[in-house]
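Visitor: What follows is a structure written as structure tokens; I'll ask about it next.
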Amino acid sequence: MKIAYLPIDERPCNIDYIQMIARSSPEIELLIPDKSMLGEKKKAANTNRIWNWLFAAGESADAFIISIDMMIYGGLLPSRLHYLTKDAGATCIERLRILHKTYPDTPIYASNLIMRTPKYSSSDEEPDYYEEWGRELFLNAYLQDKKAREKLSQSEEQELKAISAQLPKQYIEDYETRRIFNSMINVSMLNLLHEGVLTFLSIPQDDSSEFGYTAMDQKKVVEKREQLRLHKKVHMYPGADEVGATLLTRVYNDIKGITPKIYPIWSSTLGPSLIPLYEDRPYGESLKAHILAAGCQLVASADEADIILAYNTPGRVMQEAWEQAEKDITYTSFRNMLVFVGDIKKHIDSGKKVMVADSAYANGGDQELIILLDEEQVLDKLISYKGWNTNCNTLGTTICQGIIGLKGKVSTIQENLIYHLLDDYFYQAEVRKKLVDDFLPKYKLNYFDLKNREETINRIRDDMLYKSYHDTIIHSFGDMNLGKVSTYAPWNRMFECGMKLEFKGYTKLIL
């Protein structure tokens, strides 16, 4: 099957991860535009070039996966910075109608984000004024929404009054104007779905919260979805950068006419009911949403499942991955990792395929889990492992690799496992903090700007990742001798890294 894939932006999580998963299946050929077409960070892609590529790709594609954020705004960050008019939105809407009319038998699976509102002040991915006023913009909307839906405490009332008095009105107006445009596009996509132009629509929520702008915008979409009775064709849940993977899973399942059955096992009793950092609902609800969006089915027993999802969650309190040296005691007292890993081994030994969503910490994997899986010699027998960024980033990509890998190429799956161990655990949870603490001050750099020292940081990172991997992974991947790790810094910052892995005897380039 040939799938034309237009990603949300040019970072590895939106291109490399999807390509790696697609390569694990002999059945998938992914058509993707050259990175040079996709813009760079806050620099928007040329949407006319994007449209021309998409239209041409339709000649051979069996399905489209389209990021509306890329198609309209020229990327994820430009969607938060643009000054587009309604006419620009209308142009994109009409182009989608033309695409469907030209290729009526080629289904269009689309995604469009509800614009995020981070809780913290930083302009790295937001408008310049978010550096000083981001937290206040979030809190202003959060408290107003909470006041409308529930009741504020006296201290919250005072906080809202103080923020409202200080927050520059021009920033509120600029921010809300952009959100209104975003909501208009979301509602327009539902109309296109109702018309039959789109086949399926995924609406992820990046950095979501129970109250505030995201929740208010979500309500508009829910009302329109109910009005048009599109419950099965429009799925809305926390996430963002995993959406390409989720739609790839759904396209794969739809083309093959299958509904894979997934049975979850949990590392903690409270796990399903906990709300992870950066999201607005419990793990258990996100699990249901992602399984449905991927075109899969949640089942009640391992016997009837095609694949087991081992879901690693906190015991009671969720922390950042780099805080594991001082982790909350409930990571031990409210979960039993020996039982969890024992269950994983039991299922693998019985012939079941097992995928691991490592979501116990935010922004990185769980050291205890990795070591125990290695000790039990089942780490390299997994079909999928992810543990990056937010819970739903991890969950969506875990499911995608797991389902597509059911009949995949073992060597490619193992390469992907090693890649994500290096990226999700060794870099995000361990090496990144050491670099930030020990090396950035030495070169007078900051987390969001490596200036002209990117190559220096890359080489230090390469050595640290290589050493950490070989020091920790002792009993796994005996046939996959990792010879070299070469990294680069997308957007010239520390948040993520891209990698080229070399295995002794051959080289795999992951770009």
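FYI, it's all coordinate maths here, none of it is from the lab. The structure presented is a predicted model; accordingly, all values stated were derived computationally and were not measured. Glycine gets a Cβ as well: all are built from the backbone with ideal geometry, and neighbour counts include every protein chain shown.
Visitor: Mind giving me the nanometre distance, one decimal, between the label points for V339 and M184, set 7 Å out from Cα along Cα→Cβ?
Guide: 5.4 nm
Visitor: Mind listing which chymotrypsin sites (Phe, Trp or Tyr not before Pro) in region 65-143 are in a DSSP loop and have 10 or fewer other Cβ atoms within 10 Å?
Guide: Sparse-neighbourhood loop chymotrypsin sites (Phe, Trp or Tyr not before Pro): Y83, Y120.
Visitor: Here's something else I'd like to know. Please find the FRET efficiency linking D328 to D34, where r is the Cβ-Cβ separation and R0 is fixed at 35 Å, and quote it to the nearest 0.05.
Guide: The pair D328/D34 has a calculated efficiency of 0.20.
Visitor: Let me ask you something else. If you stretched the chain out fully between K256 and F55, how much longer would it get, using 0.36 nm times the residue separation minus the C-alpha to C-alpha distance?
Guide: 69.9 nm
Visitor: Excluding residues on the same chain fewer than 8 positions from K261, give the aspartates and glutamates whose Cα lies under 12 Å from its Cα.
Guide: Partners within reach: D303, E304, D306.
Visitor: While we're here: Starting from region 131-180, pick out the GluC sites (Glu not before Pro) whose DSSP state is loop and whose Cβ has at most 16 other Cβ atoms within 10 Å.
Guide: Here the sparse-neighbourhood loop sites are E150.
Visitor: Cα-Cα over 29 Å: which of K2/K101; K146/K327; K151/K224?
Guide: The pairs that break the limit, which is 29 Å between Cα atoms, are K146/K327.
Visitor: Give me the net charge for the shell around D424: Cβ to Cβ below 12 angstrom, other residues only, Lys and Arg +1, Asp and Glu -1.
Guide: -3
Visitor: Explain nothing, just the number: dipole magnitude of the chain about its Cα centre with +1 on each Lys and Arg Cβ and -1 on each Asp and Glu Cβ, in debye rounded to the nearest 20.
Guide: In total the dipole reaches around 880 debye.
Visitor: So, one more: What distance in nm separates the simple spin-label points at D349 and S273, each placed 7 Å from Cα in the Cβ direction?
Guide: 3.2 nm
Visitor: Hey, can you rank 76-82, 65-71 by average C-beta count inside 10 Å, highest first?
Guide: 65-71, 76-82
Visitor: Within region 115-133, list the residues whose amide N lies under 11 Å from a label point set 7 Å along Cα→Cβ of V436.
Guide: none
Visitor: Give the long-range amide H neighbours of I307: residues separated by 5 or more places, or on another chain, with amide H under 5 Å away, using H modelled in the peptide plane at 1.01 Å from N.
Guide: Excluding prolines and chain starts, which carry no amide H, the hits are K261, Y263.
Visitor: So what's the gap between the Cα centers of region 1-53 and region 400-453, to the nearest angstrom?
Guide: Between the Cα centre of region 1-53 and that of region 400-453, the gap is 20 Å.
Visitor: Could you tell me which of M71, P107, S24 has its Cα farthest along the dipole of the chain towards the positive end, charges placed at Cβ (Lys, Arg +1; Asp, Glu -1), taken about the Cα centre?
Guide: P107
Visitor: What ratio of Cα Rg to 2.2 N^0.38 Å holds for the chain?
Guide: Output field value: 0.94.
Visitor: Which one, Y443, P490, L465, projects farthest toward the positive side of the charge dipole computed for region 439-511 from Cβ point charges (K/R +1, D/E -1)?
Guide: Y443
Visitor: Another one. How large is the convex hull of the C-alpha atoms of region 358-511 per residue, in Å³?
Guide: 110 Å³
Visitor: If r is the Cβ-Cβ distance from S155 to I371 and R0 is 60 Å, what FRET efficiency results, to the nearest 0.05?
Guide: So, using R0 = 60 Å, E works out to roughly 0.85.
Visitor: For region 1-47, what ratio Rg/Rh do Cα atoms give with a Kirkwood hydrodynamic radius?
Guide: Rg divided by Rh gives 1.01.
Visitor: Cα centroid distance between region 167-187 and region 338-379, in Å?
Guide: 43 Å
Visitor: Right, here's the next one. For region 192-344, take every pair of Cα atoms, bin their distances at 5 Å starting from 0, and report each bin as a whole percent.
Guide: 2, 8, 14, 18, 19, 16, 12, 7, 3, 1, 0
Visitor: Also: Placing +1 on the Cβ of each Lys and Arg and -1 on the Cβ of each Asp and Glu in the chain, which of A321, A215, A88 has its Cα farthest towards the positive end of the resulting dipole?
Guide: Value: A88.
Visitor: While we're on this one: Do any of K434/K467; K433/K467; K43/K86; K442/K500; K119/K386 go past 18 Å between their Cα atoms, and which?
Guide: Over 18 Å Cα-Cα: K43/K86; K442/K500; K119/K386.
Visitor: Quick one: what does P(r) look like for region 9-164 with 10 Å bins over all Cα pairs, in whole %?
Guide: Here the calculated profile for region 9-164 is 9, 30, 28, 18, 12, 3, 0.
Visitor: Would you kindly state how much longer the chain becomes between T472 and E94 on full extension, computed as 0.36 nm times their sequence separation minus their alpha carbon distance, in nm to one decimal?
Guide: Contour length minus the Cα-Cα distance gives 130.7 nm.
Visitor: Counting Lys and Arg as +1 and Asp and Glu as -1, each charge on the Cβ, what is the dipole of region 165-323 about the Cα centre in debye, to the nearest 20?
Guide: 560 debye
Visitor: So, one more: Suppose the Debye formula is applied to equal point scatterers at every Cα of region 261-407; what is log10 I(q)/I(0) at q = 0.10, 0.17 Å⁻¹?
Guide: Relative scattering, expressed as log10 I(q)/I(0), comes to -0.29, -0.89.
Visitor: I've got another one for you. Give me the base-10 log of I(q)/I(0) for region 439-511 at each q in 0.21, 0.22, 0.25 Å⁻¹, Debye formula, one uniform scatterer per Cα, rounded to two decimals.
Guide: Each listed q maps to, in turn, -0.93, -0.98, -1.13.
Visitor: Could you give the dipole magnitude of region 439-511 about its Cα centre, charging the beta-carbon of Lys and Arg +1 and that of Asp and Glu -1, in debye to the nearest 20?
Guide: That gives a dipole near 240 debye.
Visitor: Still on this model: In deg cm²/dmol, rounded to 500, what helix-only [θ] at 222 nm does the chain give when every DSSP H run of at least 4 residues adds -39500 (n - 2.57) and the total is split over its residues?
Guide: That comes out to -13500 deg cm²/dmol.
Visitor: Evaluate E = 1/(1 + (r/R0)^6) for Y443 and K288, where r is the Cβ-Cβ distance and R0 equals 41 Å; express this FRET efficiency to the nearest 0.05.
Guide: 0.35
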